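A short worksheet on the structure shown next.
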Amino acid sequence: MNNHAAFKFRSISDNEAFARMVVASFVASYDPTIGELTDLKTVVSEAVTNAIIHGYEGRDDQWVYMTLTMEDNVLSIEVKDEGLGMSNIEEARQPLFTTKPEMERSGMGFTIMEHFMDSVDVSSVHSQGTTIRMSKHLASVQAGCH
Amino acid sequence: MAFTVQAEIKKDVLLLRMQGELDHHATEKIRGELIELMEEQNIKHIVLNLAKLDFMDSSGLGLMLGRYKHLQKKEGSMVICAISKPVKRLFEMSGLFRIMVIEPSEDQALMRLGVAG
């Protein structure tokens, strides 16, 4: 069974938990393993936190967009903001790199996303925003089963 | 699930039992209070009991690393105990395992710092 969902929510930190719950609910009917669920919740948390902290720099009146697509056992997650954008994507993806050490950011967000997902693609335009696209093959989902 | 933390002070050791989900939202809420408590009580070591911590992301790692650096200046240490499998994975990925002490139980963690019982 293929499925698709798209929605937007305000850039407030309370919505990090909301976004995690949404991805968990979206994949629930595919009987994911606990490990897969944790991975998906973690990467969504990282991407949404990035949008709020870096994209919008804490402004709470902006929109974060999230799209979930399940197609042939592969879950694709897109998290988009219309914020500041990143000047150097390669640098941002390095482990322990952070532009906000004063906020005690660990700089591990992208490393975690890359570790837990099969693919992570980042595109960013200065002053227009950042889009993170990630996908993961869910082993528990059997083709034709749903 | 919302994040809650229960704090107990034993001499210069701060025992924190964390529960729920430690994300950016939760770290922003507790960071200030935690720093204040550590200064007021002249805390040198922290024991983190993560038995009931259901979820953590890189924001949680940042919070722990921040407190660790603070303790390091006082030549103190951070001992983690009762860590769950998913949280353990994050620790391994970030290299936190190399700088923090891990104990299987709270009792063993407190014993290591000489404040058990």
Q. How long, wide and thick is the protein assembly as shown, going by the Cα atoms along their three principal axes, in whole angstroms, largest first?
A. 57, 43, 28
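Taking K and R as +1 and D and E as -1, what net charge do the other residues with C-beta under 14 Å from the C-beta of A:Arg59 add up to?
Values: positive: A:Arg10; negative: A:Glu57, A:Asp60, A:Asp61, A:Asp81, A:Glu82.
That sum, taken over residues with Cβ under 14 Å, equals -4.
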Q | Listed residues B:Val13, A:Asn15, A:Thr33: farthest to the positive end of the dipole of the protein assembly as shown (Cβ charges) | A | B:Val13
Q) Can you give the net charge of the other residues whose Cβ lies under 12 Å from the Cβ of A:Phe116, counting K and R as +1 and D and E as -1? A) -3
Q. Relative contact order (percent) for segment A:83-146, with alpha-carbon contacts under 8 angstrom and 6 or more residues of separation?
A. 35 percent
Q. For the residues A:Thr42, B:Thr4, what sequence is obtained by ranking on other C-beta atoms within 10 Å, fewest first?
A. B:Thr4, A:Thr42
(Q) Test of understanding: ordering A:Asp39, A:Asp81, A:Asp118 by Cβ neighbours within 10 Å, fewest first, what list do you get? (A) A:Asp118, A:Asp39, A:Asp81
**Q.** Average Cα contact separation per residue, chain B, under 8 Å, 6 or more apart, as relative contact order %
**A.** 25 percent
Q. So how strong a dipole does the protein assembly as shown carry about its Cα centre when Lys and Arg Cβ are +1 and Asp and Glu Cβ are -1, to the nearest 20 debye?
A. 640 debye
Q | 23 Å Cα cut-off, lysine pairs counted over chain B (separation 8 or more, or different chains) | A | 18
Q: Indicate the helices, whole DSSP H runs only, in chain B that combine a mean Kyte-Doolittle hydropathy of -0.5 or more with a Cα extent along their long axis of 15 angstrom or more.
A: B:58-73
Q. How large is the helix-only mean residue ellipticity at 222 nm for chain B, computed as the sum of -39500 (n - 2.57) over DSSP H runs with n ≥ 4, divided by its residue count, in deg cm²/dmol to the nearest 500?
A. -14000 deg cm²/dmol
Q: Go through B:Leu113, A:Ser106, B:Phe55 and say which Cα lies farthest out towards the positive end of the charge dipole of the protein assembly as shown; charges sit on Cβ, +1 for Lys and Arg, -1 for Asp and Glu.
A: B:Leu113
Q. Can you give the charge dipole size of segment A:1-47 about its Cα centre, rounded to the nearest 20 debye, using +1 on the beta carbon of Lys and Arg and -1 on the beta carbon of Asp and Glu?
A. 220 debye
Q: Pick out, in residue order, every one of the GluC sites (Glu not before Pro) in segment B:1-86 that is DSSP loop and has at most 15 other C-beta atoms within 10 Å; say none if there are none.
A: B:Glu75
Q: Please find, in a Gaussian network model of chain B (springs between Cα atoms separated by less than 10 Å), the residue of B:Arg98, B:Arg67, B:Arg31 whose mean-square fluctuation is greatest.
A: B:Arg98
Q: Could you size up the charge dipole of chain A around its Cα centre, putting +1 on the beta carbon of Lys and Arg and -1 on that of Asp and Glu, and report it in debye to the nearest 20?
A: 160 debye
Q. Helix by helix, which DSSP H runs in chain A go 20 Å or more along their axis at the Cα atoms and have an average Kyte-Doolittle hydropathy of -1.0 or more?
A. A:14-28, A:34-50
**Q.** Solvent-free Debye scattering, log10 I(q)/I(0), computed from the Cα coordinates of segment B:4-110 at q = 0.11, 0.21 Å⁻¹
**A.** -0.29, -1.20
Q. Sorted from largest down, what three extents in whole angstroms do the Cα atoms of chain A have along their principal axes?
A. 47, 30, 24
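Could you list A:Ser87, A:Ser76, A:Ser13 in order of exposure, starting from the residue whose Cβ has the fewest other Cβ atoms within 10 Å? List each step's numbers first, then the result.
On the way: A:Ser87 10, A:Ser76 16, A:Ser13 20.
Listed from fewest to most nearby Cβ atoms, that is A:Ser87, A:Ser76, A:Ser13.
Just so you know, all these numbers are worked out from the coordinates, no wet-lab data involved. A quick note: this is a predicted structure, and the numbers were derived from the prediction, not measured. Please note: Cβ atoms are built from the backbone with ideal geometry, for glycine as well, and neighbour counts cover all protein chains shown.
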